[in-house]
1. When the accessible area of segment 343-455 is computed with all protein chains present and a 1.4 Å probe, what percentage of it is carbon and sulfur?
2. Can you list which of the trypsin sites (Lys or Arg not before Pro) found in segment 64-171 are DSSP loop residues with at most 14 other C-beta atoms within 10 Å?
3. Treat each spin label as a single point 7 Å out from the Cα along the C-beta direction, and report the D135 to Y545 distance in nm.
4. What whole number of Å gives the distance from the Cα centroid of segment 527-587 to the Cα centroid of segment 289-352?
5. If you count, for each residue, the other Cβ atoms within 10 Å and average over each peptide, how do 406-417, 279-290, 641-652, 690-701 line up from highest to lowest?
6. May I ask you to derive the FRET efficiency for D356 and D494 from their Cβ-Cβ distance with R0 = 45 Å, giving the value to the nearest 0.05?
7. Quick one: 3J(HN,Hα) in Hz for segment 210-215, Karplus 6.51/-1.76/1.60 with θ = phi - 60°, rounded, Gly and Pro as x.
8. Given R₀ = 41 Å, what would the calculated FRET efficiency be for E556 paired with Y596, taking r from the Cβ atoms and rounding to 0.05?
Amino acid sequence: MRFLTLLCTLVLLSGTITYAQPATDADPPTSTLSVEQIMQDPETWIGDWPENLRWHENGRTLYFDWNPKGEFPSDSLFAYDVESGDGPMKVTPEERRSAPPTFSGWSHGEHVYDRAQERKVYDHDGDLHLYHRDDDRITRLTDTPAREATARFSPDGERVIYQRDNALFSLSLSTGLTRQLTDLRPGRDPEPDTTAQEAFLYEQQTALFETIREEQEKEQKAEAARERERAADNDPPTFYYGDGSVRQLQIDPSGRFVSFVVREDVSNGDETLVADYVTESGFAEALDARPKVGIQPDDVTFYVQDIDQDTTYSIDLHQLPGAYDVPAYQQEKGVEMDSSEAKRSLYAYGPYWNADGSDAVIVVRADDNKDRWIARLDAATGELTVLDRQEDDAWIGGPGVGSYGGPGTIGWMPDGETVYFQSERTGWSHLYTVDVASGDVSQLTDGEFEVSDPRLSKDGSTWTFQSTEYSSHQLHVYQMDASGGERTRLTRRDGQHFTPPSPTDRLASLYEYSNRPPDVYVQDRSETAEAQRVTTSPTDEWLAYDWRDPEIITFEASDGVDVPAHLYRPDNPNGAAVMFVHGAGYTQNVIKGWPYYFREMMFHNMLADLGYTVIDIDYRGSAGYGRDWRTAIYRHMGGRDLGDYVDGSAYLSDTFGIDSERTFIYGGSYGGFMTLMGLFTAPDSFGGGAALRSVTDWAHYNDVYTSNILNTPATDSIAYARSSPIYFAEGLEDPLLMPHGLIDTNVQPQDIFRLTQRLIELGKEDWELALYPVEPHSFTEPSSWTDEYRRIFDLIEESVGPNRSDASEE
């Protein structure tokens, strides 16, 4: 056995590995980069890049968070005046406290602006403020310890409607009068229930005695007087909502209908345990942790309160067609529609009212995420009329649709008769409108690309959105007529452009490229406009290295599909390859943009300097390539997604002559899971691997992510069995490193400990477990990053590189 000391405190669990000395017949390639340099604090070496870009409401000033060259303790607020070109300048604490309003898009029906769109009401730090566009003035409306939020104007612009705690209030802008609009209370109605015996005696006493009847008549008259007084004072009706919590509280523009959701938590079994051992107190401390997949859905009820009729009623969401449909995987098991297993929990979002309150729509999603309805709501009757239904035997998802619930993109057009939304009905997420009266649906964008973040202009005549139409590996900003038609690309540079809503014809963007971090650019809203650079974030030290722009390639998979990948070509190949697997599953890494995995990108540059061919793949399940690509892993993670890496290994062999035993695979989180599945189920395709913070058994991961893809362990156990590495650990043949943070509340240490025990009981060798006591799922300390990647690099060198045990035999 070989034992390593970890962080000077922990002993690594390990197997037997024999290493040969490096070959000496020729000078090996070298790199000016080192693991220590790559993994140091990115703010001081790479340079901190701007984030959270947003416009001031006046359209003249840009704000963003930035810490140039790491010179401040943390990110600070910076401002840039686009008219004078002054800046960027650090905003003073006094200016920051003045609550400058930032622009979030023109609202059509939401009444964030008054009818003339000259005033905006908003909340800042829990208090309400009023912004006057004409003279760039701010009026503070509240200053209370309580938190006021969700502010909007009444349709006439005379009052501000807002929420405080579980109640809605109205504030008159002319008189300052505040009036409570709702009275929702926890618990049960104090009116006692009457038994049959009590009812009989009450009726008997009333019939027999004149004095009792006279007292009852007096009380009825007094109560009627009190009711008239309450009506005159506009006191809201009282409603007791039980033991749950109130969500989505709002009132329609006319002031007649209040709507809210009551969520009652159900018992979801034991939560998991994660302990923090390196604490200030010196005692081990338990951390808040999530339950495992398979929890019972909460009991959620959607209510409408008709103030005119003084009545509150729940909306039956199961009146929607298809609400009782049995998912295909359960039909295979014989589950029938009328069984108790068939009734799915449904969740409502909204209502979304048009400007005058004459119409409303809601979005309803099934708990299993296989159905989404957009429905017209008749608030007076509770009836729902379906405007759009999206069904998916796998799960609903895609940009603007959402893979984990929520309403997605939804809103009213200025005509108050048409609603816009996004859907994957064609296999790609696109923009649609529906006429709420006729139900006629119009598709505004179409093609094998995706649309995200659509927003309307001030007059509602034009769309601005981000799209992958130009390239599935780039994100550009487009403009289009409100009714659809030809799209104009406004950004020209190859790369990724992230553009916040703008109140003027200027565009600001965080522009990034494969080997350059984001910086702020400003341009006019024109396809020929030149973008002006506002910030420069990289340091001279970081720019001194000639960072590669990785080539984007495709290779043909075994099922005939072209799979995209990044390729780092070495100048002096050493005959070995490294394959990186991105995490999250549903993310995109093969882009012409600054990668989320920027440390790995730099590490891959170092490896290419040293002669390694490096490839990372947007495998099946990745984002950016439409619905079929996204759902190809349904009910079998480690199936078609891993197949793309097995085929990628074959591509490296066929194209570059790299033997599979000289191909190393590594990645974190989902990438760690894929590494384990690769080494356990396809050992002939790889020569070693590192599985970082990896899921080893999907039955122990969280509910919202896992149940989308594998359903639940109770209803689809076969999907979990064929997707979990712990069931295939006997297949390990090659060297394996497993780094894991001990305070990882996402992929928890128990997951890797269970696999560790499995490997011990199987008598497996050539594996190591490296534990990092102060690290969560995403490492934070440069020293931990350095230690982790030094171990990865050493294993690469010793398992597939020049220091491997069989190198002397070649």
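1. Reported share for carbon and sulfur atoms: 41 percent.
2. Numbers: sites: K69, K90, R96, R97, R115, R119, K120, R133, R137, R140, R147, R152, R159, R164; in loops: R115, R133, R147.
Answer in residue order: R115, R147.
3. Rounded to a tenth, the inter-label distance reads 5.6 nm.
4. The two parts, judged by their Cα centres, are 44 Å apart.
5. 690-701, 641-652, 406-417, 279-290
6. Between D356 and D494 the formula returns 0.50.
7. Result, ordered by residue: 5, 4, 5, 5, 5, 5 Hz.
8. About 0.90, to the nearest 0.05.
The values are calculated or read from the model by the stated rules, or taken from the named source; none is laboratory data. Predicted model only: the values in this text are computed from it and were never measured. All Cβ positions, even for glycine, are placed from backbone atoms using ideal geometry, and neighbour counts span all protein chains on display. For accessibility, only protein heavy atoms count, side chains too; no ligands or nucleic acids. Shrake-Rupley method; radii C 1.70, N 1.55, O 1.52, S 1.80 Å.
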